[in-house]
1. Residues to consider are A:Ile348, A:Ile356; find the one that is without any contact (Cβ under 8 Å) to a residue 24 or more places away in the chain, away from every other protein chain (no Cβ under 14 Å) and crowded, with 18+ Cβ neighbours inside 10 Å.
2. How about segment A:299-412: which helices (runs of 4 or more DSSP H) wholly inside it have at least 2 residues that are within 19 Å of B:Asn30 (Cα to Cα)?
3. Looking only at segment A:122-144, count how many residues are away from chain B (no Cβ under 14 Å) and either without any contact (Cβ under 8 Å) to a residue 12 or more places away in the chain or within 21 Å of A:Phe44 (Cβ to Cβ) (or both).
4. Tally time: how many residues in segment A:276-298 are within 14 Å of another protein chain (Cβ to nearest Cβ) and assigned to a loop (DSSP other than H, G, I, E, B)?
5. Tally up the residues in segment B:47-68 that are under 11 Å from the mean Cα position of the chain (by Cα) and either within 9 Å of chain A (Cβ to nearest Cβ) or hydroxyl-bearing (Ser, Thr, Tyr) (or both), please.
6. Give the residue, chosen from A:Ala115, A:Ala122, A:Ala91, that is of a type in the set (Gly, Ala, Ser), over 30 Å from A:Phe50 (Cβ atoms) and surrounded by 14 or more Cβ atoms within 10 Å (Cβ to Cβ).
7. Considering only residues that are more than 15 Å from the chain's Cα centre (by Cα) and either outside any helix (DSSP H, G or I) or among the acidic types (Asp, Glu) (or both), which ones fall in segment A:260-275?
8. For A:Ile117, indicate whether it is hydrophobic (A, V, I, L, M, F, W, C), part of a helix (DSSP H, G or I) and assigned by TED's automatic domain parsing to the domain that holds A:Tyr40.
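The values are calculated or read from the model by the stated rules, or taken from the named source; none is laboratory data. Predicted model only: the values in this text are computed from it and were never measured. As a convention, Cβ positions derive from the backbone with ideal geometry for all residues, glycine included, and neighbour counts pool all protein chains shown.
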Amino acid sequence: MNFNFINLQPYGNPHYFIYLMIGLIPIILGLYYGRRFKIYECIFSVVFLFLIFDADKWQQGVSLIIYLLIELVITYCYLYYRKKGKNKTWAFYLAVFLSIVPLIMVKVQTAFPKAKIPGVLAFLGISYITFKTVQVIMEIRDGAIKEVNLGTYLRFLLFFPTFSSGPIDRYRRFAKECDVAPKRDQYVNDLGLATRYLFQGFLYKFVLGWFFGTYWLPRISRMALIAGTANGGLKLSWWLLAYMYCYSMYLFFDFAGYSLFAVSISYFMGIHTPMNFNKPFLSQNIKEFWNRWHMTLSFWFRDYIYMRFTFFAMKKKLFKNPVRLSQVAYLLLFLVMGFWHGLTWYYIVYGLFHAIAIIINDYWIRYKKKHKDKLPSNKFTKCLSIFVTFNVVCFSFLIFSGFLSQLWFGWM
Amino acid sequence: MNTKEEVLAILQDLTGEDLSDKMDENIFANGLMDSMASVQMLLNLQEKFEIDVPVSEFDREEWDTPSKIVAKVESLENE
């Protein structure tokens, strides 16, 4: 028996967009006339999810279904517990821990492929779906979410435009929009934006991202390896610097392009998925950078790790000095982010690097506040701070790229 | 002291500035407040007004000017 299934990875090639647009027509027409065809939307989503996980990827699909069942059981058990009026801290920690166990196992399995953990198989999108479930559990704890509709929850977790790599939406925001059709003039405006984002996404991902990532990067990489070996020592060369900038541009245009597709398709479906990037390379400091780069991820870490940790620590008076507390919280946040990217030295160093950068940044901000009248602030200082921030960020991406590992140790 | 004055006193404590003539200025955009300061503010507000504001309810956009903060506190007090 030999079935020829087509397997389509999200936004992978131009064909994908043709199928997507055909599938979207009834949804767009419906929304334009003020109707949301929920059943059609579900079928549409399931079909496109199926196309990700069919053919040789079917095991991933099974893995996704099992994962979903586990997360649903955890969420509803915790919700039931909270509804009975109980709110013990250990129950909350247990629920959060259990919900991230599958992701942890997948990360460990990826880092140590030889140590086969039975039954563990990564599937595309596991990270992003985990961010969503943890978010829901934390808001159930706070009493901000009092009721979780099974249908809404499933549609939220499996919302296919953002399924593979975000942007990470918020349950309460999504729930407000997913059952109703937007007003006509609002939707017409959304369609305009969706079209613009779609073409901007093409430019970013398939033109600029392709040039930086597929055309230049392998060439520069080869030269950097050759020049590095010739130079010896730390194997530094001008090619390595070129690699740093080229990789940074590739990373931005590829991911910003993908994110634009995800937001665009969401807008076509009348859902305002939040934006992921806001001119990050124009940031004047690292703190601002994180408010503009991969925003839905950094806001997730800000709201669910940094703020919760500082709130808890301050309430319990664990730290005398709020400055010290914020530094510890930054380390925690960025280390978790590093580990989440993967259990490899360069992801963890990348996290540490950003924690240290933002701590230094905070010292500088405090110093500036104190000496406001003595420090100049003009066009030149603004350009200088953008330049410095840009280079610090690009250096961090060089660490993140893993290329240093290849250059120094011969593996990535 | 009324609510507005109390809130302004808390904000002055955190930012080092008297914000009474900047009621509609975005205090996150101009760098006066950050996440850490928001957490301190929430705790101070809880203590002062005996209101309950979990971190989940802290949506930056709803708390980004002194006027909005005063309005938020007043609405939470009346709950």
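1. Being without any contact (Cβ under 8 Å) to a residue 24 or more places away in the chain, away from every other protein chain (no Cβ under 14 Å) and crowded, with 18+ Cβ neighbours inside 10 Å holds for just one of A:Ile348, A:Ile356, which is A:Ile348.
2. Of the helices (runs of 4 or more DSSP H) lying wholly inside segment A:299-412, those with at least 2 residues that are within 19 Å of B:Asn30 (Cα to Cα) span A:345-370, A:379-401.
3. Total meeting the criteria: 6.
4. The total comes to 6.
5. Within segment B:47-68, residues that are under 11 Å from the mean Cα position of the chain (by Cα) and either within 9 Å of chain A (Cβ to nearest Cβ) or hydroxyl-bearing (Ser, Thr, Tyr) (or both) number 4.
6. Answer to the selection: A:Ala91.
7. A:Met269, A:Gly270, A:Ile271, A:His272
8. Judged against the criteria, A:Ile117 is not a match.
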